[in-house]
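One structure is given below, encoded as structure tokens.
The values are calculated or read from the model by the stated rules, or taken from the named source; none is laboratory data. Predicted, not measured: the structure shown is a model, and the values here were computed from it. With ideal geometry, Cβ positions are generated from the backbone for all residues, glycine too; neighbour counts draw on all protein chains shown.
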Amino acid sequence: MERKLIKQGGGGYTIYLPKKWIDEKGLKEGDKIEISEEEGFLVIGGVSNKENTIEIVLNDENKGNIKNILTHVYRRGFNKIFLRDVNLDLIREVKRITSDLLLGFEVTEQTNNFCILENISEPSGEKYDVILRKIFFTIKDSFDLILNNYKEYESTYRELEEMKNSSVKMILFCRRMLMKEKYSKNIVFNWELLTFLSHIQKTIFYLYKQVYENKIKEDKDISKMIEKSGEHFEFVQKAFYEKDLVYLEKLHKSSVKYAYNEILELISKSKGKKSVVLAYLKELLRLIKTAGSPVRSMLINY
């Protein structure tokens, strides 16, 4: 969209803002908007004066999918969610999902067949970078936990489950901020990165779930591939925060050796449940390699 500059007194300039955008935000004369500069672009943001609510009527077809419904509505940026035709059992499930996944939301009103979820303590979009960094560190800590406590099956599994749930909750919040505030100058690449971080964290958990449920003993092959997966993830993390493409070149070189060759040889020679764990490690190495793609795109200008 292009707009012509209109010269004003004192050397300043004005532009016309699209009426459609003004109407969608519910703005009027005298309202304040926010303007920020990001890599040579001026980003204009307006806080909507419209109540950002949605009403969902539940039925036999969608009640079993309540978790996906709530998480998708949440990340779309709605601040108030009305749920109709719910029973007490479903309300209990809604409360659990809200507590586990919807950062800043709580059930604020309920009857026998109706409840309201509302944003009452959500962090501001300014916390996006802080929370994204926490996601990276949680994933890195997950690798360290497995390497240092592989044989502590029960405690390691429970701790990894908590890490997974924490990461998923933070990733949902970051996606919500991207949709709600258009916070990032690289919204598409940030969304893509968050997707890979989610898959990586979940794959770590389900990998160890196989170890836990089948009491698969640690051996040098599994330990080596877990260690290499952690190293590869650290390449992505350092590339992103140090803004250095050299780490992605190291990732590529190491991935050719381990993700595309050595892990395949190990799988072909393995037997029983060990093959399943190695298959998860192969997928983990692939996901980490692919996570470097949005990072590379964001670093092209550096």
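If LYS271 meets every condition in (1) of a type in the set (D, E, K, R); (2) loosely packed, with under 15 Cβ neighbours inside 10 Å; (3) in a helix (DSSP H, G or I) apart from one, which number is that one?
(3)
Go over the candidates LEU251, LEU264, LEU278 one by one and state the one that is in the same structural domain as LEU194 (by TED's automatic domain parsing), in a helix (DSSP H, G or I), touching a Ser or Thr at 6+ places or on another chain (Cβ under 9 Å) and of a type in the set (A, V, I, L, M, F, W, C).
LEU278
One line per residue, one yes/no per condition, for (1) surrounded by fewer than 18 Cβ atoms within 10 Å (Cβ to Cβ); (2) touching a residue at least 40 places away in the same chain (Cβ under 8 Å):
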residue	(1), (2)
GLU126	yes, no
VAL130	yes, no
ILE135	no, yes
LEU147	yes, yes
THR156	no, yes
ASN190	no, yes
LEU207	no, yes
PHE235	no, yes
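Residues are listed down the side, and each one gets a yes or a no for (1) at pLDDT 95 or above; (2) closer than 21 Å to PHE78 by Cβ:
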| residue | (1), (2) |
| --- | --- |
| LYS127 | no, yes |
| ILE135 | yes, no |
| THR138 | yes, no |
| ASP141 | yes, no |
| LEU145 | yes, no |
| LYS169 | yes, yes |
| GLU181 | no, yes |
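Checking the condition in a helix (DSSP H, G or I) and over 21 Å from LYS140 (Cα atoms), which residue from LYS180, LYS209 passes?
Values: LYS209 fails: over 21 Å from LYS140 (Cα atoms).
Answer to the check: LYS180.
With (1) surrounded by fewer than 17 Cβ atoms within 10 Å (Cβ to Cβ); (2) more than 18 Å from TYR206 (Cβ to Cβ); (3) free of Cβ contacts under 8 Å to residues at least 40 places away in the same chain as the list, and TYR258 as the residue in question, which single condition is left unmet?
Failing condition for TYR258: (1).
If I ask for residues that are surrounded by fewer than 17 Cβ atoms within 10 Å (Cβ to Cβ) and either among the aliphatic types (A, V, I, L, M) or under 24 Å from PHE235 (Cα atoms) (or both), which ones from the range 166-185 would you list?
SER166, MET179, LYS185
How many of the residues in the range 70-94 are over 19 Å from SER167 (Cα atoms) and not in a loop (DSSP other than H, G, I, E, B)?
Selection size over the range 70-94: 12.
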